[in-house]
Amino acid sequence: MTNRSAAVPRLSWADVCGRRLDRHGLFAPVRDGRPADAVAAMCGAHAQVLSAAEVSIGLRVAGATRTTVRDALWSERSLVKTYGPRGTVHLLPTVDLPLWTGALSAVPPATNPMPANVRLTPEQTDEVVAAIAATLADAELTIDELGAEVAVRTGPWATDPVVPAFQGMWPRWRQAMHLAAHRGALCFGPNRGRNVTFTSPQRWLHGFQPAAASDALAGLVRRYLHAYGPATPQHFAQWLSAPRGWATKLFDSLAGELEQVEVGGARAWVASGDTAAASLPPCGVRLLPYFDHYTVGSHPRELLFPGPAARRALAGGQAGNFPVLLIDGMVAGVWHQRRSGRKLDITVEPLTLLTPSQRRDLDDQVGRIGEILEGEPRLTIGTVTVGGHA
């Protein structure tokens, strides 16, 4: 990408952290906010572990609890649970689903590592997605019920148990589930007992259609840069699990809307005009859960996870596998919580000696985690012995 101006604004790393904390609602929880607003601001909440998503959202909305989040998801339906960036389970604002599906369905597919005799052909993929869309148009089905209907609408090849998964084998058609969600044919429904169900987002958002790809991708870049900028096309590609060359071309196509800034001698991008420093320096202590988007979406990793933090809180360079202790916007430890009834045992492992002020902030954070998860927390400062989440 070409430099369109010789005078490149400069931001310090502290400025970058301050901007991100503020825009994520992590400086201070948003008062009178809604879960959907918080999720929109951080570009989705990772929800493979739903309790982690509840903490991510609760930290950003004053007074919110897990019940608040569940009501937004299953009663108000202002949130939708679906497959989001990287093909992983996310909560997204229902009103934004046209943008998300329009953008995600336009991302070039990753290379399928499965053998040729296991993979779906493009034609079979389209057939499976069409079958899912037709089946879920007016239904909430478990995975087994959905699979049986897909087989009826496609053929026995769809249910061949050929995909290795969790010490067993999944049917072939399940390779297309995240694509069905990205194309707007599938989302999660309410649990039926202990069983997960799936349904159509058409049932939640009347008249829903994925947005045009070009508009949706431009909108997603703008939102990502607002929450995580300054950032490069490579950072965006990693967050989205997209090819780097494709992301670079996408940023090039939006060059008139973007502006370069310099952070620590490196160039990165923000939306045009969005070059102001943070209004406050990064400060405070936060306990961020598994896969919180502040840590997953923010770069450079070597600055966000300085020194020992990278060795302790990253898994093969991947962020999110450990809940992290955040001090002044940077990772400074890990933590873990174990629940037994209403009791929450929270162990925090700082990588630096906490000041008296930081210890008070930590106590407040532990109390807030207890409020969000509707439990009675007890803090232990010590070594976290639990490994990273897969």
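The values are calculated or read from the model by the stated rules, or taken from the named source; none is laboratory data. For clarity, every value in this text was computed on a predicted model and none was experimentally measured. Cβ sites come from the backbone with ideal geometry, for glycine too, and all protein chains shown count toward neighbours.
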### Message
Being among the β-branched types (Val, Ile, Thr) and part of a helix (DSSP H, G or I): is that true of Ile372 here?
### Response
yes
### Task
Please verify whether the range 250-257 includes one or more residues that are modelled with pLDDT of 95 or more and either in contact with a Gly (Cβ under 9 Å, 6 or more places away or on another chain) or of a type in the set (Lys, Arg) (or both).
no
### Task
For the range 111-141, enumerate the residues that are of a type outside the set (A, V, I, L, M, F, W, C), outside any helix (DSSP H, G or I) and within 18 Å of Pro201 (Cα to Cα).
Asp138, Glu140
### Query
Looking at the range 109-130, is at least one residue on the phi > 0 side of the Ramachandran plot and in contact (Cβ under 8 Å) with a residue 60 or more places away in the chain?
no
### Query
Taking the stated definitions as given, is Leu288 touching a residue at least 12 places away in the same chain (Cβ under 8 Å) and crowded, with 23+ Cβ neighbours inside 10 Å?
yes
#### Entry: Pairs where the first residue, in the range 347-359, is in a strand (DSSP E or B) and the second is hydroxyl-bearing (Ser, Thr, Tyr), C-beta under 8 Å, 6+ apart
Thr347/Thr380; Thr347/Thr383; Val348/Thr380; Glu349/Thr383
### Message
Go through (1) more than 21 Å from Val107 (Cα to Cα); (2) in contact with a helix residue (DSSP H, G or I) (Cβ under 6 Å, 6 or more places away or on another chain) for Trp170 and report which single condition fails.
### Response
(2)
### Query
Looking at Arg19, is it farther than 17 Å from Arg368 by Cα, at pLDDT 95 or above and surrounded by 24 or more Cβ atoms within 10 Å (Cβ to Cβ)?
yes
### Query
Do you know which residues across the range 257-275 are among the small types (Gly, Ala, Ser) and either assigned by TED's automatic domain parsing to the domain that holds Pro356 or under 21 Å from Leu220 (Cα atoms) (or both)?
Ala268, Ala271, Ser272, Gly273
### Summary
Scanning the range 33-82 residue by residue, the ones that are more than 14 Å from the chain's Cα centre (by Cα) and either modelled with pLDDT under 95 or over 15 Å from Asp292 (Cα atoms) (or both) total 20
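Take the residues in the range 123-138 that are more than 27 Å from the chain's Cα centre (by Cα) and either β-branched (Val, Ile, Thr) or surrounded by fewer than 18 Cβ atoms within 10 Å (Cβ to Cβ) (or both), then tell me which one is farthest from Ala180 (Cα to Cα). Even if it seems obvious, please write down each step before you answer.
Taking the range 123-138 first, the residues more than 27 Å from the chain's Cα centre (by Cα) are 123-124, 127, 131, 134-135, 138.
Keeping just the survivors that are either β-branched (Val, Ile, Thr) or surrounded by fewer than 18 Cβ atoms within 10 Å (Cβ to Cβ) (or both) gives 123, 134-135, 138.
On the way: Glu123: 14, Ala134: 11, Thr135: 12, Asp138: 16 Å.
Among those residues, the one meeting the criterion is Asp138.
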### Message
On the basis of being touching a helix residue (DSSP H, G or I) at 6+ places or on another chain (Cβ under 7 Å), closer than 30 Å to Gly265 by Cβ and in contact (Cβ under 8 Å) with a residue 12 or more places away in the chain, does Pro85 make the cut?
### Response
yes
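Suppose we filter the range 256-268 for residues that are part of a strand (DSSP E or B) and either without any contact (Cβ under 8 Å) to a residue 60 or more places away in the chain or among the β-branched types (Val, Ile, Thr) (or both); how many remain?
The number of residues fulfilling the criteria is 5.
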### Message
Looking only at the range 332-346, count every residue that is outside any strand (DSSP E or B) and under 16 Å from Leu59 (Cβ atoms) and tell me the total.
### Response
0
### Summary
Result of the Cβ filter at 6 Å on the range 375-389, keeping first residues that are within 9 Å of Glu349 (Cα to Cα) and at pLDDT 95 or above and partners that are assigned to a strand (DSSP E or B) and polar (S, T, N, Q), at least 6 apart or interchain, is Thr380/Thr347; Gly382/Thr347; Val384/Thr347
### Task
Return a yes/no flag: does the range 224-234 have any residue that is at pLDDT 95 or above, of a type in the set (S, T, N, Q) and surrounded by 16 or more Cβ atoms within 10 Å (Cβ to Cβ).
yes
## Note on the structure
Being part of a loop (DSSP other than H, G, I, E, B), at negative phi and surrounded by fewer than 18 Cβ atoms within 10 Å (Cβ to Cβ) narrows Ala310, Ala242, Ala276 down to just Ala276
